[in-house]
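Engineer: Got a structure for you, written out below as structure tokens; questions coming shortly.
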Amino acid sequence: MYRYDQIDRTLVSQRVAQFRDQMRRHLAGELSEDEFRPLRLQNGLYVQRQAPMLRIAIPYGMLSAVQLRTLARIARTYDRGYGHFTTRQNLQLNWPKLETVPDILAELAEVEMHAIQTSGNCIRNTTTDQFAGVAHDELVDPRPYSELIRQWSTFHPEFAYLPRKFKIAVSSSIEDRAATFVHDIGLHILRNDAGAIGARVIVGGGLGRTPVIGSVIREFVPRAELINYLEAILRVYNRFGRRDNKYKARIKILVRELSVTGFAAAVEAEFAHLEGGPAVVPDAEFTRLESSFTAPAYETLADADAAFERARHDNRAFARWVEQNTFGHKVSGYAAVTLSLKAPGVPPGDATSEQMDVVADLAERYSFGEVRVSHEQNLILADVRKADLFALWQEARPAGLATPNIGLIGNIICCPGGDFCSLANAKSIPIAAAIAARFDDLDYQHDLGPIDLNISGCINSCGHHHVGHIGILGVDKDGSEWYQVTLGGSQGRETALGRVIGRAFAADEIADAIEAIIGVYVASRRDDEEAFIDTVRRIGLAPFRERVYATPVLEAA
Amino acid sequence: MPRIIIVDRTLQEDTWETLPRDAALPDSGNVIAPLETWRHVRESARARSGAVGVWLAPDDDPAGIAPDVERLPVIAVQFPQFADGRGYSTARLLRARHGFRGQLRAFGEVLRDQLFYLERVGFNAFALKEGRNVADALAAFADFSEAYQASALAPEPPYRRRTTAAGA
Ligand code: SF4
């Protein structure tokens, strides 16, 4: 993991002092609410429906066991003993007291953490593949690049007051597990034909009110020029992005207004001035950053482990979990494990302090003391010996961390919605709960195969509903809560936006509607191998529409 | 009473008058004229007693005055709202690309908590929003002693310094 040096440490502790003083001036009436707002937002502090909300940055989703324990303690001491992991790999505390936030930040700083730029119209926390460094299909480790971007974007003086928020995601494997096509900037770190490392640059993707799949504006930027190229994009956006209408202020609108070629040309013109300039990143810096992400001390193991195979053979529940919740590792004899935060009856992505402590312990014993957060709101132990999987599973189970539902309909991505978020049109957690209850039979989930079901409480789309195979969006109709359903979205290399199937549903109709949709899939799939999304692509929306809106219960509503 | 502003991290009386849009150029005195006005008086201003600077609105392109940077004693950049960040890029371009070395001033809704960033993109003069405590605001320059990026104050980003230190 990246460890702070003197520069990092100094900056984070000075930030705590700065924010403490800003809070003091605000409480003393010297800083008006309007003036304080962007300052607190750039420190991750929102004022929500019931209480303030603090969003803590987990840079590209990487945590040490020590950091996770600190988060558990903070949630226990300053909040109600739990936290919510978000689709941007951060942690949200829903009930901290405003005045205690500087103290929380000070405790975070002690373990090299912060809440810098987790909100506000600035460059947000950079996200990457939760399997970075271990994935079997990885081309280049994206973490040194993510760390480089974290540093460059932190307190960037020129880009702290952008037209709107700005999100960067980095991927560098065959599969795109970082949703790079739906970020303001998506980067694919790769090698060109000559073997040099650089980035393919995608801009203008995003969800929200106007969902757009990003466009490639450059096939290859040499890594030494990466910062210069990012500066060029950000400068064009900062100068020319719209500021008159916050719904048109994201970079995707500027890209659309200038056209992709026009935007790319503006970036290239700016880049021409910067290329080769002082922000060129020397190889030595990449070496320094890479040295923070060296492989842990793996043992030399055979890929198959007899005891593991036996346990898998003898224990069906374990076998199921292995099948769903482990992921291929590039080192023989190891696996990456997803600890599901999607147990039935629990808001997706929520973890109690006790669970965080359990995960920290498991990480120390089985996975070199490191944990990752995935954008699907689960926790990952990336380096577990196959020989340890059975023991790990037995410990994770009683803690509610071993639901074998990764990739299945039970692994619902869900934003906090109307229970917490002041922007929400509708609640999302009870909808997730109703659907999870309807599909609580794990055998059935398993039979249904891969299904991404994503829920957002409003068009801000924090729950990524546009790219769910099934997407659910909370909408407001005459002051009451309704839900619009989309089908056919997907993330990854084949990113696609779902299409609305028809009129919205009331909260008590939604589980029936989803069940009807699944019914159509089961009746129409070519064979057991055809996944839900492939059936949707093959047969289109019409059969789903017919069935869902033909259900008498729904007709009557 | 002349206004107190910050120049090079010290308090000073403002010796310039900032003209509103569409104002005619007075016959004498040091003035900072809006870009439109400056365009009209660019030649005649040389004969005038008293110096003339220019101010840019957020959507004014700094490239438009690039040929004049050698003769302009002051360029000011307007911040109508503090959350409008275009002026930061304007400043960076004036300093890093167009080589402006005179006084670069931020005015309008300029607040203490923006000073640190403003200075790093190249401003060295700050006319704070009316009614703000200018003396208190001086503390803001010391908010941070380090920064990750190249800036007007440190042309090399730390990753170049870090590597040099490590390589030494
Ligand atoms: S999608 Fe809407 S309701 Fe959900 S967290 Fe985001 S802003 Fe809040």
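The values are calculated or read from the model by the stated rules, or taken from the named source; none is laboratory data. On a predicted model such as this, the values are computed, not experimentally measured, just so you know. Reconstructed Cβ throughout: ideal geometry from the backbone, glycine too, with neighbour counts over all protein chains shown. Calculation scope for accessible area: heavy atoms of the full protein, side chains included, ligands and nucleic acids excluded. Shrake-Rupley method; radii C 1.70, N 1.55, O 1.52, S 1.80 Å.
Engineer: Any chance you could count how many residues in the stretch A:1-53 are acidic (Asp, Glu), out of contact with any helix residue (DSSP H, G or I) (no Cβ under 9 Å at 6 or more places or on another chain) and open to solvent by less than 30 Å² (accessible area, probe 1.4 Å)?
Structural biologist: To start, the set of residues in the stretch A:1-53 that are acidic (Asp, Glu) comprises A:5, A:8, A:21, A:30, A:33-35.
In the following step, the residues that additionally are out of contact with any helix residue (DSSP H, G or I) (no Cβ under 9 Å at 6 or more places or on another chain) were identified as A:34.
So of that shortlist, the ones also open to solvent by less than 30 Å² (accessible area, probe 1.4 Å) come out as none.
Number satisfying all stated conditions: 0.
Engineer: For the condition among the β-branched types (Val, Ile, Thr) and under 29 Å from A:ILE429 (Cα atoms), what is the one hit in A:VAL384, A:VAL358?
Structural biologist: A:VAL358
Engineer: Next question. Give me the pairs, please: first residue somewhere in the stretch A:437-458 and closer than 24 Å to A:GLY492 by Cβ and open to solvent by 10 Å² or more (accessible area, probe 1.4 Å), second residue anywhere and within 16 Å of the ligand (Cβ to nearest atom) and of a type outside the set (S, T, N, Q), beta-carbon distance under 6 Å, and either six or more positions apart or on two chains.
Structural biologist: Close Cβ pairs satisfying both conditions: A:ASP452/A:GLY468.
Engineer: Looking only at residues that are under 17 Å from A:PRO404 (Cα atoms) and more than 18 Å from the chain's Cα centre (by Cα) in the stretch A:344-354, which one is surrounded by the most Cβ atoms within 10 Å (Cβ to Cβ)?
Structural biologist: Checking each candidate, the answer is A:VAL346.
Engineer: If you take the residues of the stretch A:440-460 that are touching a strand residue (DSSP E or B) at 6+ places or on another chain (Cβ under 9 Å) and more than 22 Å from A:LEU93 (Cβ to Cβ), which of them is nearest to the ligand (Cβ to nearest atom)? Walk me through it before giving the result.
Structural biologist: Narrowing the stretch A:440-460 to residues touching a strand residue (DSSP E or B) at 6+ places or on another chain (Cβ under 9 Å): A:451-459.
Okay, now just the ones that are also more than 22 Å from A:LEU93 (Cβ to Cβ), so A:451-454, A:459.
Details: A:ILE451: 20, A:ASP452: 16, A:LEU453: 15, A:ASN454: 10, A:ILE459: 7 Å.
My answer is A:ILE459.
Engineer: Quick one: is B:ARG105 within 9 Å of another protein chain (Cβ to nearest Cβ) and either more than 20 Å from A:PHE240 (Cβ to Cβ) or of a type outside the set (S, T, N, Q) (or both)? Lay out the reasoning, then the answer.
Structural biologist: On the way: within 9 Å of another protein chain (Cβ to nearest Cβ): no; either more than 20 Å from A:PHE240 (Cβ to Cβ) or of a type outside the set (S, T, N, Q) (or both): yes.
It is false that B:ARG105 is within 9 Å of another protein chain (Cβ to nearest Cβ) and either more than 20 Å from A:PHE240 (Cβ to Cβ) or of a type outside the set (S, T, N, Q) (or both).
Engineer: May I ask you to list the residues in the stretch A:224-239 that are more than 12 Å from every other protein chain (Cβ to nearest Cβ) and either more than 9 Å from A:GLU270 (Cα to Cα) or in a strand (DSSP E or B) (or both)?
Structural biologist: A:GLU225, the sole residue that qualifies.
Engineer: Still on this structure, I have one more. May I ask you to say which residue of A:SER428, A:SER367, A:SER340, A:SER374 is within 16 Å of the ligand (Cβ to nearest atom), among the hydroxyl-bearing types (Ser, Thr, Tyr) and open to solvent by less than 40 Å² (accessible area, probe 1.4 Å)? Please lay out each step first, then the result.
Structural biologist: Details: A:SER367 fails: within 16 Å of the ligand (Cβ to nearest atom); A:SER340 fails: within 16 Å of the ligand (Cβ to nearest atom); A:SER374 fails: within 16 Å of the ligand (Cβ to nearest atom).
From the options A:SER428, A:SER367, A:SER340, A:SER374, the qualifying one is A:SER428.
Engineer: Identify all residues within the stretch A:215-237 that are of a type in the set (S, T, N, Q) and more than 24 Å from the chain's Cα centre (by Cα); write none if there are none. Write out each step before concluding.
Structural biologist: Here is the first cut: in the stretch A:215-237, the ones of a type in the set (S, T, N, Q) are A:215, A:228.
If the condition is that a residue be of a type in the set (S, T, N, Q) and more than 24 Å from the chain's Cα centre (by Cα), then A:ASN228 is the only one that fits.
Engineer: Hand me the list of helices (runs of 4 or more DSSP H) wholly inside the stretch A:385-452 holding 3 or more residues that are in the same structural domain as A:GLY471 (by TED's automatic domain parsing) and more than 19 Å from A:SER367 (Cβ to Cβ).
Structural biologist: Per the criteria, A:429-438, A:442-448.
Engineer: Follow-up question, since we're still on this one. Going through the stretch A:25-84 one residue at a time, which ones are within 14 Å of chain B (Cβ to nearest Cβ) and either of a type in the set (Val, Ile, Thr) or not in a helix (DSSP H, G or I) (or both)?
Structural biologist: A:ALA28, A:GLY29, A:GLU30, A:LEU31, A:SER32, A:GLN42, A:ASN43
Engineer: Which pairs have Cβ atoms under 8 Å, sit 6 or more apart or on different chains, and link a residue in the stretch A:18-31 that is over 18 Å from B:VAL134 (Cα atoms) to one that is β-branched (Val, Ile, Thr) and surrounded by 15 or more Cβ atoms within 10 Å (Cβ to Cβ)?
Structural biologist: A:PHE19/A:VAL101; A:MET23/A:VAL101
Engineer: How about the stretch A:404-425: which of its residues are away from the ligand (no atom under 16 Å from the Cβ) and either farther than 10 Å from A:GLU376 by Cβ or β-branched (Val, Ile, Thr) (or both)? If you could, list the steps in order and put the result at the bottom.
Structural biologist: Going through the stretch A:404-425, the residues away from the ligand (no atom under 16 Å from the Cβ) turn out to be A:404-411.
Result: A:PRO404, A:ASN405, A:ILE406, A:LEU408, A:ILE409, A:GLY410.
Engineer: Here is a further query. Output the residues belonging to the stretch A:502-540 that are open to solvent by less than 20 Å² (accessible area, probe 1.4 Å), part of a helix (DSSP H, G or I) and touching a residue at least 60 places away in the same chain (Cβ under 8 Å).
Structural biologist: A:ILE510, A:ALA511, A:ILE514, A:ILE518, A:TYR521, A:PHE532, A:ILE533, A:VAL536
Engineer: Residue check: is A:GLY400 within 16 Å of the ligand (Cβ to nearest atom) and free of Cβ contacts under 8 Å to residues at least 60 places away in the same chain?
Structural biologist: no
Engineer: Would you please name the residue that is nearest to the ligand (Cβ to nearest atom), looking only at residues in the stretch A:461-471 that are touching a Gly at 6+ places or on another chain (Cβ under 6 Å) and part of a loop (DSSP other than H, G, I, E, B)? Reasoning before the result, please.
Structural biologist: Initial filter on the stretch A:461-471 (touching a Gly at 6+ places or on another chain (Cβ under 6 Å)): A:461, A:465-468, A:471.
Add one more test, that the residue is part of a loop (DSSP other than H, G, I, E, B), and what stays is A:461, A:468.
Details: A:SER461: 6, A:GLY468: 13 Å.
Within the stretch A:461-471, the match that is nearest to the ligand (Cβ to nearest atom) is A:SER461.
Engineer: Taking the conditions exactly as written (at pLDDT below 95, open to solvent by 50 Å² or more (accessible area, probe 1.4 Å) and farther than 18 Å from A:ARG177 by Cβ), does A:ASP314 satisfy them or not?
Structural biologist: no
Engineer: Filter the stretch A:135-156 down to the residues that are more than 11 Å from every other protein chain (Cβ to nearest Cβ) and closer than 14 Å to B:TYR159 by Cα and list them by number.
Structural biologist: Pass one, the stretch A:135-156, residues more than 11 Å from every other protein chain (Cβ to nearest Cβ): A:135-146.
Passing the criteria: A:PRO144, A:TYR145.
Engineer: Next question, about the same structure. Tell me which of these B:ASP113 doesn't satisfy, since it passes every other one: (1) of a type in the set (D, E, K, R); (2) buried (at least 17 other Cβ atoms within 10 Å of the Cβ); (3) away from every other protein chain (no Cβ under 11 Å).
Structural biologist: Tallying (1) of a type in the set (D, E, K, R); (2) buried (at least 17 other Cβ atoms within 10 Å of the Cβ); (3) away from every other protein chain (no Cβ under 11 Å), B:ASP113 fails exactly one: (3).
Engineer: Sticking with this one: What single numbered condition from (1) open to solvent by 10 Å² or more (accessible area, probe 1.4 Å); (2) in a helix (DSSP H, G or I); (3) more than 7 Å from chain A (Cβ to nearest Cβ) fails to hold for B:LEU118?
Structural biologist: Answer for B:LEU118: the failing condition is (1).
Engineer: Have a look at A:ALA169, A:ALA199 and point out the one that is more than 23 Å from A:THR338 (Cβ to Cβ), surrounded by 24 or more Cβ atoms within 10 Å (Cβ to Cβ), touching a residue at least 40 places away in the same chain (Cβ under 8 Å) and in the same structural domain as A:VAL267 (by TED's automatic domain parsing).
Structural biologist: Working: A:ALA169 fails: more than 23 Å from A:THR338 (Cβ to Cβ).
Within the list A:ALA169, A:ALA199, the selection yields A:ALA199.
Engineer: Further question on the same structure: Inside the stretch A:249-282, can you point out the residues that are open to solvent by 60 Å² or more (accessible area, probe 1.4 Å) and modelled with pLDDT under 95?
Structural biologist: Within the stretch A:249-282, just A:PRO278 meets the criteria.
Engineer: Go over the candidates B:ARG86, B:ARG3, B:ARG46, B:ARG42 one by one and state the one that is open to solvent by less than 80 Å² (accessible area, probe 1.4 Å), modelled with pLDDT under 95 and among the basic types (Lys, Arg).
Structural biologist: Testing whether each residue is open to solvent by less than 80 Å² (accessible area, probe 1.4 Å), modelled with pLDDT under 95 and among the basic types (Lys, Arg) leaves just B:ARG42.
Engineer: Could I ask something else about it? Restricting to the stretch A:284-301, name every residue that is within 14 Å of chain B (Cβ to nearest Cβ), in contact (Cβ under 8 Å) with a residue 40 or more places away in the chain and not hydrophobic (A, V, I, L, M, F, W, C).
Structural biologist: If the condition is that a residue be within 14 Å of chain B (Cβ to nearest Cβ), in contact (Cβ under 8 Å) with a residue 40 or more places away in the chain and not hydrophobic (A, V, I, L, M, F, W, C), then A:GLU285, A:GLU290, A:SER292 are the ones that fit.
Engineer: List every residue pair whose Cβ atoms lie under 7 Å apart, where the two residues are 6 or more positions apart in sequence or sit on different chains, the first residue falls within the stretch A:302-318 and is among the aromatic types (Phe, Trp, Tyr), and the second residue, located anywhere, is in a helix (DSSP H, G or I).
Structural biologist: A:PHE308/A:LYS386; A:PHE308/A:ALA387; A:PHE308/A:LEU389; A:PHE308/A:PHE390; A:PHE318/A:ALA311; A:PHE318/A:ARG312; A:PHE318/A:PHE390; A:PHE318/A:TRP393
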